[in-house]
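Bear in mind these aren't lab numbers, they're just calculated from the coordinates by the rules spelled out. Just so it is clear, the model here is predicted, and its values are computed rather than measured. Virtual Cβ from ideal backbone geometry, glycine too; neighbours counted across all protein chains shown.
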Amino acid sequence: MPDQVAPTRHAEGADTRRRIWAIVGGSSGFYTSISGVVKAEFLPAEIRALGVGLGYAIANSLFGGTAEYVALWFKSQGMETTFFWYVSGFCILSLLSALSMHDTRVHGHLAREEAGGVLS
């Protein structure tokens, strides 16, 4: 009888899942720590709350509101793994929109407001 028991596949999979969630959680911290400033720089003060709230509501209703139904539809069609591509498509769309954003050092609204533009 060996002194050590070899790890099972289940235990190895759990370690992998923990590592993935640590990476996902850590990377979301990069966004959440500066999201308020980024949104403030992109939107003028008059419409800032509307711009942030409406964008959030539309994104959550389109993706979050339909994700369960889309996943169940893929499952009923016998294509469960296709849901991965559905989620990946939204991730790519998000990446493309982030890459197409203006440079806030040049086009930001906060610098104009501080210089006496909108709020004075």
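Tabulated results
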quantity: Positions within region 27-47 being of a type in the set (D, E, K, R) and in contact (Cβ under 8 Å) with a residue 60 or more places away in the chain, in sequence order; calculated: E41, E46
quantity: Total residues in region 22-40, condition out of contact with any Lys or Arg (no Cβ under 8 Å at 6 or more places or on another chain) and closer than 16 Å to S97 by Cα; calculated: 3
